[in-house]
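First up is the structure itself, then whatever we jot down about it.
The values are calculated or read from the model by the stated rules, or taken from the named source; none is laboratory data. If you're wondering where the values come from, they're calculated on a predicted model, not measured in any experiment. Here the Cβ positions follow ideal geometry from the backbone for every residue, glycine too, while neighbour counts run over all protein chains shown. Just the protein is used for accessible areas: all its heavy atoms, side chains included, with ligands, DNA and RNA removed. Shrake-Rupley method; radii C 1.70, N 1.55, O 1.52, S 1.80 Å.
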Amino acid sequence: MSSWIKVCELKNIYPATGVCALVDGKQVAVFRPSDEEQVYAINNMDPFARANVLSRGLICQHQEQLWVASPLKKQRFNLLDGSCLENSEVSVEAYKARVSDGFVEVHL
Amino acid sequence: MSKQKLVIIGNGMVGHRFIEDFVEKADLDKFEITAFCEEPRVAYDRVHLSSYFSHHTADELSLVKEGFYEKHNINVLIGERALTINRQEKVIHSQTGRAVYYDKLVMATGSYPWVPDIKGNESKDCFVYRTIEDLNAIEATARRSKNGVVVGGGLLGLEAAGALKALGVETHVIEFAPVLMAEQLDQQGGQMLRRKIESIGVNVHTGKNTKEIIVGGEKSRNTMKFADGSELEVDFIVFSTGIRPQDKLAKQCGLATARRGGISINNQCETSDPDIYAIGECASWNEKFFGLVAPGYNMAKVAVDNILGRDNEFSGADMSAKLKLLGVDVGSIGDANGRTPDCKSYVYLDENSSVYKRIIVSQDGKRLLGAVLVGDTESYSDLLQYTLNDIELPKHPDSLILPAHAGAKTGGLGVDALPETAQVCSCFDVKKSDIADAVAAGHTTIGAVKMETGAGTGCGGCVPLITQVLNAELAKQGVEVKNHLCEHFEYSRQELFHLIRIEGIKTFKELLEKYGKGYGCEVCKPTVGSILASCWSDYILSSDNNGLQDTNDIFLGNMQKDGTYSVIPRMAGGEVTPKGLAAVAKVAEQYELYTKITGAQRIGLFGAHKSDLPDIWSQLIEAGFETGQAYAKALRMVKTCVGSTWCRFGVQDSVGLGVELENRYKGLRTPHKMKFGVSGCTRECAEAQGKDVGIIATDSGWNLYVCGNGGMKPQHAELLASDLDKQTLVKYLDRFMMFYVRTADKLTRTSVWLQNLSGGIDYLKEVIVDNKLGINEQLEKEMAQSIADYQCEWTATLSDQEQLQRFAHFINSDQQDDNVVFTPEREQKRPAFIEEKAPTYNISLEEV
């Protein structure tokens, strides 16, 4: 049923930024922290503001992990598990993501 | 095991705080929580109620985070009043006939406004001032009235008078006592306050006993008759004559109540029934009830702890207060009227600046018993610490209230003088030792300390004090107090600026490799992005810089709450041609953008989808516009009055100068946003003295003011130089701008920058005018380079096909964000509220 879904070429994502992809009707924020082949995927909706904006946030490092700071009010969400640094009771869905043959793939 | 049933009656500030505290401390799986909320909305901030008149949304005042009650499974019965309590059966019946059982009950029923028994007070022109509904009614009436009166010259009465004044009606205050704020001020303080209030146009009548209100009058709808035979014609009346504890339910179910009203409680906040607690304004402790929110919060905490079986006692409350009433700073501490036997006073009176200060000290002169401050409350926190912590006064206590030029000691009471038990944050009852513990546990930034202890997250007034304690604790631990940018750079913004400039560093990566560590974060990335832009005028969206840009810069528009953007083209000096207006109108119509004049004398178009931005901008640029940089930490605009070109009074061409300056400095990235103002004469219609740079025309040239601010913390700009010709003015401005760009900390407005510049405005004059540092030539050169390198970022973006792909909402689809939904309002549109949208998520709103 579920499988890896191709969303775009890796080169379409500038290093240190994110993009939003439509995967199976879901808005998925895909991040590429550096020029390497590492990508992360979490849900695009900021749970505080309920707006689809997380892909437009700044990628940041805290506690030796990578997060995205929401562009609206700067709450930070973990790129690996979607947890929120400011409020442990809030989180967003996190998805598996990988690069394969120059393409970014997401697994819901 | 069945859950324990906890019921709270009352969802005001204290009732809600109780729930918040309970949620934090208790294992919620063991409780079933129900709250009665009689008003049509959940808890809101009554302390700042008057602000409702300026923003008009109950949401702004709400204290309840969206989804909070649902998330914790708390059943809030909105609009439902508890009618009876049956203590034998332990059940509450509401007006809807619902029965709610409890194991533990908390009463937080608050208070009600007390209205004196005056004939005629039931008229539809009479109001009280307590709920949002009251405010709506007052506003509607004020709209069809010329004048209004507030009966009651206490704290809340003056607050209400301020609101009436703001609603634009002729405002009167009637007070029964001979002075205003008799509870908090002595006679002389009350008089000073009265003079200041009268000077802004509020009519004060003291010593007036209202006898009767009769319908009809010659000029107004009603006539008030006073005991001394005098009369006053008014359209409407607001009573603010005190509050009384709401203890009706308690009386109904036979709980012990106090002689002067209020549900009697012990130190644990228990009522005469051990399963019922009472907190806040409805409770009476030792025959006293407290009409302030801080003691109520304290009781809420005590009740939570006792229900959970922890030790905690309520031990009274300090009723000191500092506030701004009708624009006047007022402070009152302890025994303000000097009623303690054998006490002595020191008084400072300055009728010229309307400042009155009095301190009341013990007979031996060693302890501070009380204080009254009117017109200047700067010494309030220090004085309060002296009383709260029983600190021994200096040898000459009057030095505490004398102004600096009259020999006051400089600097406040050092935090080291405070005992460990000193209460630093009264909203959340956080002590100095709590902050020290948090620091010792590794919370070494102000943000971390706030998060850990809760201190400073209420009214926020104690944040400067928390910062002092934090710094003192860090110093004690041998940690040097740092202004490091963040965990990735052990340098201040100023230091990084120099490193980047001197070493010619062009990318974030290069800087990080040389001077930083790790990956970077949401603090250092945009800061460095801004410095790189200031230094090298590089295109901010180049592939190297793209990932550094903050929310607004990255798509060259201000992101709104729903993820859409605003579009604001530059209209330098506020000038726009009819043709330009037509172009703006066309694009606004085509993309259905909400349109309004912004606070910066230009037109803002709101609600643009990210994917539409390139098209919108290409049309605007086609019509001759360029980006207004409204999204950037940069010069936003120059506000101008119409000046000598048209105005009968103008003495110089303020619009011409404004346009020239805006075009000169546009696009330059600065540590924070900047606003300029140019006024064509001393009438100052451009409000230039509230701007980062303010220029005011004189008969012989221009006066240059700098470092003013409107906004959050208004600050009057200071005069840097006067009667300048234009050439000198521009030279000084080049230097000033570059010096600020070079030396300010991240996100520091010029006003704060100047405050922190040792030597202040005099030092700045020496640097800018006298070239004290010998850097002016360099500053002017850097500015000239920056001006030469200016480019319209939107023009650059539109010419880059690769860039344009970034503006699609989805990288793999042409669809737009279907969560962006609008609702019509006043013939335009606004973002739909969450409840107006089709549900995209599941929460259970009702679980009984």
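Of note:
- For the range B:207-230, the set of residues classified as more than 19 Å from B:A177 (Cβ to Cβ) and touching a residue at least 40 places away in the same chain (Cβ under 8 Å) consists of B:E212, B:I213, B:I214, B:V215, B:K219, B:S220, B:R221, B:N222, listed by residue number.
- The range A:45-63 - residue that is small (G, A, S) and in contact with a Ser or Thr (Cβ under 8 Å, 6 or more places away or on another chain) and, of those, nearest to the other protein chains (Cβ to nearest Cβ): A:A49
- Complete set of residues in the range B:768-780 that are small (G, A, S) and open to solvent by 60 Å² or more (accessible area, probe 1.4 Å): none
- Sole residue being outside the structural domain of B:V355 (by TED's automatic domain parsing) and open to solvent by 10 Å² or more (accessible area, probe 1.4 Å), chosen from B:A177, B:A163: B:A177
- Each residue in the range B:269-309 was checked for being more than 21 Å from B:T257 (Cα to Cα), outside any helix (DSSP H, G or I) and not hydrophobic (A, V, I, L, M, F, W, C), and 1 of them qualify.
- In the set (1) open to solvent by less than 40 Å² (accessible area, probe 1.4 Å); (2) within 8 Å of chain B (Cβ to nearest Cβ); (3) among the hydrophobic types (A, V, I, L, M, F, W, C); (4) free of Cβ contacts under 8 Å to residues at least 60 places away in the same chain, the condition left unmet by A:I42 is number (2).
- So B:R501, is it more than 14 Å from every other protein chain (Cβ to nearest Cβ), surrounded by fewer than 17 Cβ atoms within 10 Å (Cβ to Cβ) and touching a residue at least 12 places away in the same chain (Cβ under 8 Å): yes
- Criterion applied to B:E495, B:E510 was being at pLDDT 85 or above and surrounded by fewer than 19 Cβ atoms within 10 Å (Cβ to Cβ), and the one residue passing it is B:E510.
- Criterion violated by B:M299 - all others in (1) open to solvent by 30 Å² or more (accessible area, probe 1.4 Å); (2) under 17 Å from B:G12 (Cβ atoms); (3) at pLDDT 85 or above satisfied: (1)
- Of all residues in the range B:781-804, those satisfying the criterion of being surrounded by fewer than 12 Cβ atoms within 10 Å (Cβ to Cβ) and either within 14 Å of chain A (Cβ to nearest Cβ) or assigned to a loop (DSSP other than H, G, I, E, B) (or both) are B:S799, B:Q801, B:E802.
- Residue that is least open to solvent (accessible area, probe 1.4 Å), among those in the range B:40-84 that are in a strand (DSSP E or B) and either touching a His at 6+ places or on another chain (Cβ under 8 Å) or without any contact (Cβ under 8 Å) to a residue 40 or more places away in the chain (or both): B:A82
- Residue match in the range B:556-576 (condition: over 25 Å from B:Q805 (Cβ atoms), more than 12 Å from chain A (Cβ to nearest Cβ), surrounded by fewer than 18 Cβ atoms within 10 Å (Cβ to Cβ) and in contact (Cβ under 8 Å) with a residue 12 or more places away in the chain): yes
- When restricted to residues that are of a type outside the set (F, W, Y) and crowded, with 16+ Cβ neighbours inside 10 Å, the range B:346-361 contains 7.
- Residue check for A:V99: more than 8 Å from chain B (Cβ to nearest Cβ), closer than 21 Å to B:G529 by Cα and in a strand (DSSP E or B): no
- Enumeration of residues in the range B:352-389 that are touching a Leu at 6+ places or on another chain (Cβ under 9 Å) and acidic (D, E): B:D382
- Residues of the range B:307-342 that are of a type in the set (V, I, T) and in contact with a helix residue (DSSP H, G or I) (Cβ under 9 Å, 6 or more places away or on another chain): B:I307, B:V328, B:V330, B:I333.
- Pick from the range A:3-19, criterion more than 7 Å from every other protein chain (Cβ to nearest Cβ) and in a loop (DSSP other than H, G, I, E, B), ranking: most open to solvent (accessible area, probe 1.4 Å): A:S3
- Residue list for the range B:753-767, restricted to those being open to solvent by 40 Å² or more (accessible area, probe 1.4 Å) and not basic (K, R): B:Q755, B:N756, B:S758, B:G759, B:D762, B:Y763, B:E766
- The residues in the range B:513-524 that are out of contact with any strand residue (DSSP E or B) (no Cβ under 6 Å at 6 or more places or on another chain), surrounded by 15 or more Cβ atoms within 10 Å (Cβ to Cβ) and within 11 Å of chain A (Cβ to nearest Cβ) can be counted, and the count is 1.
- When the range B:745-767 is filtered for residues that are charged (D, E, K, R), in a helix (DSSP H, G or I) and in contact with a Leu (Cβ under 9 Å, 6 or more places away or on another chain), the ones remaining, listed by number, are B:K765, B:E766.
- Selection within the range B:180-191 - outside any helix (DSSP H, G or I) and either surrounded by 20 or more Cβ atoms within 10 Å (Cβ to Cβ) or among the β-branched types (V, I, T) (or both): B:L180, B:M181, B:Q184, B:L185, B:D186
- Residue in the range B:310-322 that is in contact (Cβ under 8 Å) with a residue 40 or more places away in the chain, in a strand (DSSP E or B) and crowded, with 17+ Cβ neighbours inside 10 Å present: yes
- Restricting B:D364, B:D416, B:D437 to those that are modelled with pLDDT under 80 and over 22 Å from B:G189 (Cα atoms) reduces the list to B:D416.
- Considering the range B:670-688, and only residues there that are closer than 19 Å to B:K726 by Cα and surrounded by fewer than 22 Cβ atoms within 10 Å (Cβ to Cβ), the residue that is nearest to the chain's Cα centre (by Cα) turns out to be B:E684.
- Hey, B:F31 among the hydrophobic types (A, V, I, L, M, F, W, C), touching a Leu at 6+ places or on another chain (Cβ under 8 Å) and at pLDDT below 90 or not: no
- Residue in the range B:334-349 that is outside the structural domain of B:G154 (by TED's automatic domain parsing), farther than 27 Å from B:L292 by Cβ, modelled with pLDDT of 85 or more and part of a loop (DSSP other than H, G, I, E, B) present: yes
- From the options A:L22, A:L66, residue that is facing another protein chain (nearest Cβ under 8 Å), assigned to a strand (DSSP E or B), more than 19 Å from B:G67 (Cα to Cα) and open to solvent by 40 Å² or more (accessible area, probe 1.4 Å): A:L22
- Pick from the range B:805-831, criterion free of Cβ contacts under 8 Å to residues at least 60 places away in the same chain and open to solvent by less than 40 Å² (accessible area, probe 1.4 Å), ranking: farthest from the other protein chains (Cβ to nearest Cβ): B:T823
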